[in-house]
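*Asks:* Following this message is one structure expressed as structure tokens.
The values are calculated or read from the model by the stated rules, or taken from the named source; none is laboratory data. This one's a predicted model, so the numbers in the text were calculated from it and none came from an experiment. Positions of Cβ are generated from backbone atoms using ideal geometry, with glycine treated the same way; all protein chains shown enter the neighbour counts. Ligands, DNA and RNA are stripped out before the accessible areas are found, and what is left, the full protein with its side chains, is counted by its heavy atoms. Shrake-Rupley method; radii C 1.70, N 1.55, O 1.52, S 1.80 Å.
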Amino acid sequence: MANATRSSALPPLDECQREAVTSPPGPLLVVAGAGSGKTRVLTERAAWLCEQDLVGAEAVLVITFTNRAAAELRRRLGALVGHGRARQMTVGTIHAACHGMVRRHARRAGRTPRFSIYDPSEARRLVTQALSDEGVSDRREAKALALQIGKAKARLVGPEAYAALLSTERTQRFARAFVRYERYLAASDALDLDDLVVRAVALLSEPDLLDGYQDRFRAVLVDEFQDVNRAQYEWIRRLAAGHRNLTATGDDDQAIYRFRSADVRNLLDFERDFPDARVVALERNYRSSGRIVRCAAQLAEHNERRRRKRMWTPAPDGVPIAVVTAPDERSEARATAAWCRERLGQGVAAQAIAVLFRTRAQGTALEDALLEAAVPYRLVGSRGLWETAAVRDLIAHLTLLVNPRDRLALARALPLRKGVGAKAVERVIVHGSERNGDLVEACARAHTIVGLRGRQADAVHEFGRNVRTLAEQL
Ligand SMILES: Nc1ncnc2c1ncn2[C@@H]1O[C@H](COP(=O)(O)OP(=O)(O)O)[C@@H](O)[C@H]1O
Ligand SMILES: [Mg+2]
């Protein structure tokens, strides 16, 4: 077994894991619970395929969902096959992989190679604008529409198909705003995050690109497959449709991205699309104590539409699980902080304690309580610095250097000049879009823009000239 040639200090694979890792190239679905070694199997399989000379490292594509998970995959692969070889593999999030494709073939995807990517908060701003153009200025409606657009794109449904779904007044208005939203994105030479997948799927419907990518990636491995939405699944399916060398690992009891259109059906339907798929179940948990595994298995029994699998572990029971009910989030947070404080007092290291919460908003009460109880903590997953106004301002300026058509970037950067407001931004955008859409150029011509005068025109002009000068130096 290839394991023997490695210096890796990992314990040996169990029998089911080995079966998955060493099954011949072809469709393979690994269904398993948390802590059963799914990610380990995925990385070991990528390594095994290379070691057996079944595919070259440069032809391996390993996909997961978060940047954090991708970094972990890279780390584990590096330890398995060596960092040089691991670097030859393509390892990343599904969005990063789709982004790579769309950036490379930007013109065919309907953008220039310098297109901007709008994060959900930027997308929301455009949605709000689009809806207000339809006569609705209501934050809740804008939020609802943003959600609908996200869901539509996750199902590869465009504005026309969306309009055809339902003919209530509200959905028709939404459909019109959806069209406007798409136009705004195009005018700014921008895509939202869902578009990266939608456009990548479209690129894979072009025969030459499909051939090229199917040839380029001869092994496709997807971790956390239960969190894949329809569009993402379609992208994966097309990529793997030729050689069919697709490994997916997932847990139908763990689909946590339902709210953003992840579809557990993908996992359950894998065998429909790949009827000859080998299915391996991993049922032994290596991560948790006996009580935790039993409790989780019992809870999972209540899930609908799940595969039969029963997690177990030979690990000792461990400390009992305590359930604490609190009247509100403040007291819940205080109880949590007190619990942590107590452990710290007993000599438990702060790094050994994790506090999980479901949504970002719940973090505030917790942070307050932890601060008050003087519990040292680190908030994981917070984008912190990137979301501060100063950094966003800076990024808006840098964006204009590469994409002078980005309206949101202009709307953020330009009003930072003294005496320049939203009205002036609008005038620049109108002026720019009547020409080639280059807003930096439009700023530089500020003195010819109707409605801009005096110091305001000077400020806009200077802004345009400075950005242009810097852009020329790139
Ligand atoms: N065969 C094994 N023997 C001992 N430990 C294992 C084995 N397989 C996996 N583990 C360990 O169990 C933990 C969970 O593995 P991981 O691959 O992250 O599981 P999953 O992705 O299913 O949650 C890791 O610490 C891993 O090293
Ligand atoms: Mg995992």
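*Asks:* Work out how much length Ala315 to Glu472 would gain on full extension: take 0.36 nm times their residue separation and subtract the Cα-Cα distance, in nm to one decimal.
*Replies:* Value of the extension gain: 50.2 nm.
*Asks:* For Ala9 and Arg183, compute 0.36 nm times the residue count separating them, minus their Cα-Cα distance, and round to one decimal in nm.
*Replies:* Extra length from Ala9 to Arg183 when fully extended: 57.2 nm.
*Asks:* Kindly state, to the nearest 0.05, the FRET efficiency for Lys423 paired with Ser167, given R0 = 35 Å and r defined as their beta-carbon distance.
*Replies:* About 0.40, to the nearest 0.05.
*Asks:* Here's a follow-up. Tell me the angle of helix 363-372 to the major Cα principal axis of the chain, expressed in degrees between 0 and 90 and rounded to the nearest ten.
*Replies:* 80 degrees
*Asks:* Return the long-range amide H neighbours of Ile117 (sequence gap of 5 or more, or a different chain), with a cut-off of under 5 Å between placed amide H atoms.
*Replies:* Placed amide hydrogens put Leu191 under 5 Å from Ile117.
*Asks:* By DSSP, what percent of the beta bridges with both residues in the chain are antiparallel, rounded to the nearest 5?
*Replies:* If I count the DSSP bridges inside the chain, around 5 percent turn out antiparallel.
*Asks:* Using θ = phi - 60° and the Karplus form 6.51 cos²θ - 1.76 cosθ + 1.60, what ³J(HN,Hα) does each residue of region 406-419 get, whole Hz, x for Gly and Pro?
*Replies:* Result, ordered by residue: 6, 5, 5, 5, 5, 4, 8, 7, 4, x, 6, 6, 5, x Hz.
*Asks:* Are there trypsin sites (Lys or Arg not before Pro) in region 333-436 that DSSP puts in a loop and that have at most 10 other Cβ atoms within 10 Å, and which ones?
*Replies:* Passing both the DSSP loop test and the Cβ count: Arg358, Arg378, Arg383, Lys418.
*Asks:* Now for a different question. Provide the packing ranking of 126-139, 203-216, i.e. peptides ordered by the mean count of other C-beta atoms within 10 Å per residue, highest first.
*Replies:* Ranking, from highest mean packing down: 126-139, 203-216.
*Asks:* Using 0.36 nm times the number of residues separating Arg330 and Val402, minus their current alpha carbon distance, what extension gain do you get?
*Replies:* 21.3 nm
*Asks:* By how many degrees, between 0 and 90 and to the nearest 10, does the Cα long axis of helix 329-345 differ from the longest principal axis of the chain?
*Replies:* 50 degrees
*Asks:* Return the carbon/sulfur percentage of the accessible area of the chain, one whole number, probe 1.4 Å, all protein chains in place.
*Replies:* Carbon-and-sulfur percentage of accessible area, whole number: 53.
*Asks:* Return one whole number: the accessible area per residue of the chain in Å², for a 1.4 Å probe.
*Replies:* Roughly 53 Å² per residue, with all protein chains present.
*Asks:* In vacuum, with every alpha carbon of the chain counted as one equal point scatterer, what does the Debye formula give for log10 I(q)/I(0) at q = 0.08, 0.13 Å⁻¹? Two decimals, please.
*Replies:* -0.62, -1.33
*Asks:* Determine the dipole magnitude for region 387-472: charges of +1 sit on the beta-carbon of Lys and Arg, -1 on that of Asp and Glu, nothing else is charged, the reference point is the Cα centre, and the result goes in debye to the nearest 20.
*Replies:* So the dipole magnitude of region 387-472 works out to roughly 280 debye.
*Asks:* Moving on to the next point. Could you pull out every residue, at least 5 positions away or on a different chain, whose amide H is within less than 5 Å of the one on Val91? Hs are placed 1.01 Å off N in the peptide plane, and Pro or chain starts have none.
*Replies:* Val62
*Asks:* With label points built 7 Å along Cα→Cβ from the Cα atoms of Ala34 and Glu283, find their separation and express it in nm.
*Replies:* Taking the simple label geometry, Ala34 and Glu283 are separated by 2.1 nm.
*Asks:* What size of dipole, in debye to the nearest 20, comes out for the chain about its Cα centre when the only charges are +1 on Lys and Arg C-beta atoms and -1 on Asp and Glu C-beta atoms?
*Replies:* Once rounded to the nearest 20, the dipole reads 680 debye.
*Asks:* Angle between the Cα long axis of helix 230-240 and the longest principal axis of the chain, 0 to 90 degrees, nearest 10?
*Replies:* Relative to the chain, helix 230-240 is tipped by roughly 70 degrees.
*Asks:* Now a separate question. Find, among the GluC sites (Glu not before Pro) in region 304-385, those assigned to loop by DSSP (not H, G, I, E, B) with at most 15 other beta-carbon atoms within 10 angstrom.
*Replies:* Glu304
*Asks:* Amide H of Leu282 versus every other amide H placed in the peptide plane: which residues, excluding those fewer than 5 positions away on the same chain, fall under 5 Å?
*Replies:* Amide H neighbours of Leu282, under 5 Å, 5+ apart: Val31, Ala32, Gly33.
*Asks:* Any idea which of Ala202, Gly437, Pro24 is furthest toward the positive side of the dipole for the chain, if Lys and Arg beta-carbons carry +1 and Asp and Glu beta-carbons -1?
*Replies:* Farthest towards the positive end: Gly437.
*Asks:* Indicate the gyration tensor shape class of region 116-188 (rounded, prolate or oblate), computed on the Cα atoms with a ≥ b ≥ c the square roots of the eigenvalues: a/c under 1.5 is rounded; otherwise a/b larger than b/c is prolate and the rest oblate.
*Replies:* Here region 116-188 falls in the oblate category.
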